[in-house]
Every structure is written in C-alpha cells, then in structure tokens.
Amino acid sequence: MTGSLQNPAEGPPPLALPESVDSSAQPRLWGFWMTLLLSLAIMGVYVVLQLVVGIVLFVFRFAVDSTIDPMAYAQQLEDDGLYLALATLLAAPAGLAFIALFTGPARGIPCGDYIRLTRPSARALLSWTALAVAFMVSSDALRLALGMPLVPDEVVAWYQSAVSPPLLWFALVIAAPAFEESFFRGFMLRGFAASSIGPWGAVVLTALFWALLHIQYDLFGVATIFVFGLMLGAAQLRTGSLYVPLAMHALNNAVSTFETAWVASHSP
C-alpha cells in the first residue's frame, strides 16, 4: 500500500468506494437542510412516542383513581421518574431505527459508517474519558461554590418517583446516551459538517440543539450541557469514532444518576 500514514487523531478517512467503482456514483452525506429536516422528523417521532407513553400511563392511573385531574397530571409528568424511564425506553430505539433508515436505505451508506461506529484507540478513549471526569468534577465543584444544590430538586423527584430504579438507571445510562449520541454527534454532526458551516460549526450547532433538548433543567444545568456537548463533538471529530462521546456521555449519566440516588436517599 502506498501513500502517507494517517494521523489517528484525525479520525477515519471519508467514505469511499473501491477504485474500480465510478466515483460519480459514490453516495454522499446529507447536506445541511436535509439533515435538519430529517432531524426534525426523528425528533417528531421521539416526542410523539413520549406523548403516547404519557397517555397510556394516564389511562392506567385513571382506571385506579378516577379523581385524577388530566391537566394536573400532565404538569406533573416532567417530575415522574416512571414516565421518564418508559418514554425513553420506547422512544430511543425508535429514534435509532429512523437514523438507520435515513442513512442506509435512504442514502446507501451503512448506518455504522455514516455515524462513525469505528473502534477508537485505547489511548484516545482513556484520554477523553479522563477529560470528561475532570469536567464533571469541575462542574459539580462550581455548582456547590455558587450555593446551588448538587442535584436539582426536579431530578431528585424523578428518582423518588421512578417505581423501578433499575429501569431508570438503564434508561438514563444506556438508552438515552445511545440515542442522543447517534443522533446529535452521529447523524446531525456528520450532515452539518459536510455543509458550509464546516466540522467545528457543526459541533457548536449540535451542542446548542442538545442543550435545548434539556431546557427543563435550570440555567446552570443547560449551560453545563452545552459545554459538555462541545466536548463530545470535539471528541468525535478528533477521534473519528462515535464510541468515544458515547462512553463519555454514559459515564456522565452514570455519575449523575449515582449522585441523584445518594441525594434522594438522604431527602425526606
């Protein structure tokens, strides 16, 4: 094989066809506007399925207690840990299925190649994971220094109303990172990076969208998620592997859920 060696930090080369295949027939990544349109469709499915879970839960609970006020129930859903777990476990696989549909059959590129499910080096994985740990420690320290609770009250309420803590753990540590990273740092980032805003513009934009998805948190929490999103996007670009931000995200959620469980166990 001839040619220069690739710097591992630059990630894998762009998708390419064998030399014997006409390059004009090579499948391309979605551009900015199609990526945005398809992303809105995926999020629409995600939201609709979450609403379905909320309605089903209401029907079951209304069958037990017919005095439940539908409006009050809807307002309390955001603090309902059981709803959060079930909605995530239903909507996340559906979102992943649509990502696979919009990359494989619709674009002719295997989903794993499109979103960069490539194995990173152990050194890259450890380095970025250590950086994520340092970020988590720093953000927690800053939160406490500002006189804010380590875990927001609404997050504690999720855990206390989860009914099945293991189910909530699985939803937050496995299902949510799997979908969100495949969607934001996989599907969206690849498409936006192929547009005129470039890779680093795509990192900023996907981090912003990801932060807006968590608008239910306090301002500090949303800002923290935005900065962490920048870090996750940079990890994907520098390593060329979605597994790195996925590991960072899962670790962050595991630590956050552990902190929530600890606070909930010491709360009335």
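No value in this document is a laboratory result; all are computed from the given coordinates. All of these numbers come straight from a predicted model, not from anything done at the bench.
Side notes on the structure shown:
- Extents of the range 118-268, largest first, come to 52, 28, 25 Å (Cα atoms, principal axes, whole angstrom).
- Per-residue Karplus couplings for the range 232-238, computed as 6.51 cos²θ - 1.76 cosθ + 1.60 with θ equal to phi - 60°, are listed in order as 5, x, 4, 4, 5, 5, 6 Hz, Gly and Pro entered as x.
- Against the compact-protein benchmark of 2.2 N^0.38 Å, the Cα-based radius of gyration of the range 138-223 scales to 1.33.
- Calculated from backbone phi, Karplus (6.51, -1.76, 1.60) coupling profile of the range 128-142 in Hz, x at Gly/Pro: 6, 5, 5, 5, 5, 4, 4, 5, 4, 5, 5, 5, 5, 5, 5
- 3J(HN,Hα) couplings calculated from phi for the range 192-197 with the Karplus curve 6.51 cos²θ - 1.76 cosθ + 1.60 (θ = phi - 60°) are, in sequence order, 5, 5, 7, 9, 5, 6 Hz; Gly and Pro show x.
- Extension gain (nm, one decimal) between Gln76 and Leu101, 0.36 nm per residue minus Cα-Cα: 5.6 nm
- Close amide-amide hydrogen proximity is noted between Ser121 and no other residue 5 or more places distant or on a separate chain, at a cut-off under 5 Å (H modeled in the peptide plane; Pro and chain starts excluded).
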